[in-house]
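Everything on this sheet refers to the single structure shown next.
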Amino acid sequence: MNLDQDIIMKSQENQKKYKFMNAALKEAKKAALKDEVPVGAVVVYKDEIIARAHNLRESKQIIHGHAEFLAMMKAAKKIGSWRLEDCEIYVTMEPCPMCAGAMIQSRVKKVYYGVKDYKAGVAESVCQLFDLPFNHKVETEGLILHEESEKLIKTFFKRLRNK
């Protein structure tokens, strides 16, 4: 592959990442409208979104109400298996231990995330859970459209503090 082909391929890969992260951002905005922490996620299988979700922890009062957890549950139902080994997840915030554990257990191929979560993120912020020697390795890539994700989060918490 020559340099021009390599540049074109990387550009196409980035366009795909932005497309799917923008879909996750749309979900995050839905969460904000419901006074939920604005985190959204989509599950991608064979370059198609098969599940979408946003945080519903407060409105549904469920422990596992995080966007990526809910999206994984929908994806598993859609494909008829708990094994999500050919799936990628795009989520607007770095996964927490609960969601990262579910990704490992469901054998997700890769997770892309937007903003870091310095209080609970386990891809790189608090620890590197995905780097531990589990039976399955989830690839990670962070900071995809992180400015947009960060703006949503900061705006939400600023509004919350001013109530």
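Loop-resident chymotrypsin sites (Phe, Trp or Tyr not before Pro) (DSSP state other than H, G, I, E or B) in region 74-163 with no more than 16 further Cβ atoms inside 10 Å of their Cβ: Trp82, Tyr118, Phe134. Highest mobility in the GNM of the chain, judged by mean-square fluctuation with C-alpha springs under 10 Å and restricted to Lys116, Lys30, Lys46, is found for Lys46.
Centroid-to-centroid, using Cα positions, region 114-163 and region 84-103 are 11 Å apart.
Taking GluC sites (Glu not before Pro) across region 67-163, the ones in a DSSP loop with at most 15 further Cβ atoms lying within 10 angstrom of their Cβ are Glu85. Share of carbon and sulfur in the accessible area of the chain stands at 53%, probe radius 1.4 Å.
Here the label points at Ala120 and Lys19, each 7 Å from Cα along the C-beta direction, are separated by 3.2 nm in the simple model. For region 48-101, the pair-distance distribution built from all alpha carbon pairs, in bins 5 Å wide starting at 0, is 4, 20, 31, 26, 14, 4, 0 percent.
Largest mean-square fluctuation among Met73, Met98, Met21, in a Gaussian network model of the chain whose springs join Cα atoms under 10 Å apart, belongs to Met98. Each Lys or Arg adds one and each Asp or Glu subtracts one; over the other residues with Cβ under 13 Å from the Cβ of Gly101, this totals 0.
To the nearest µm²/s, what D does Stokes-Einstein give for region 1-139 at 20 °C and 1.002 mPa s, using the Kirkwood radius over alpha carbon pairs as Rh?
Translational D for this selection: 141 µm²/s.
On a 0 to 90° scale, report how tilted helix 67-79 is relative to the longest principal axis of the chain, with both axes built from alpha carbons and the result rounded to the nearest 10. On a 0 to 90 degree scale, this one is about 50. Annotation: per residue accessible area for the chain equals 58 Å², rounded to a whole number [probe 1.4 Å, protein chains only].
Using a 10 angstrom cutoff on alpha carbons, build the Gaussian network for the chain and name the most mobile of Lys119, Lys109, Lys17. Taking springs between Cα atoms under 10 Å, the residue moving most is Lys119.
For the chain, the longest principal axis of the alpha carbon atoms and the long axis of helix 3-33 meet at an angle near 20°. Under 5 Å from the amide H of Ala51 lie the amide H atoms of Val43, each residue being 5 or more positions distant or on a separate chain, with H modelled from the backbone and absent for Pro and chain starts. Converting phi to 3J(HN,Hα) with the Karplus coefficients 6.51, -1.76 and 1.60 and the offset θ = phi - 60°, region 120-136 yields 9, x, 10, 7, 8, 7, 7, 7, 10, 4, 5, 8, 6, x, 7, 6, 9 Hz in sequence order, with x at every glycine or proline. Near Val111, the amide H atoms lying under 5 Å from its own belong to Ile89, Glu139, Thr140, Glu141; only residues 5 or more places off or on other chains count, and H is placed 1.01 Å from N.
Rounded to the nearest 20 debye, the dipole magnitude of region 1-98 is 460 debye, with +1 charges on Lys and Arg beta carbons, -1 on Asp and Glu beta carbons, and the Cα centre as origin.
Summed over qualifying helices (DSSP H, 4 residues or more, each -39500 (n - 2.57)) and divided by its residue number, the chain shows a 222 nm mean residue ellipticity of -14500 deg cm²/dmol.
Note on Lys10/Lys137: beta-carbon distance plugged into 1/(1 + (r/R0)^6) with R0 of 25 Å gives a FRET efficiency of 0.60.
Each Cα pair under 8 Å and six or more residues apart adds its sequence gap; the mean of these over the residue count of the chain is a relative contact order of 18 percent. Counting charges near Asp86 (Lys, Arg +1; Asp, Glu -1) among other residues having Cβ under 15 Å from its Cβ returns a value of +2.
The values are calculated or read from the model by the stated rules, or taken from the named source; none is laboratory data. Remember, it's a predicted structure, so these values are computed and weren't measured experimentally. Neighbour counts are summed over all protein chains in view; Cβ atoms, including those assigned to glycine, are modelled from backbone coordinates with ideal geometry. The area values use the complete protein model at the heavy-atom level, side chains included, leaving out ligands, DNA and RNA. Shrake-Rupley method; radii C 1.70, N 1.55, O 1.52, S 1.80 Å.
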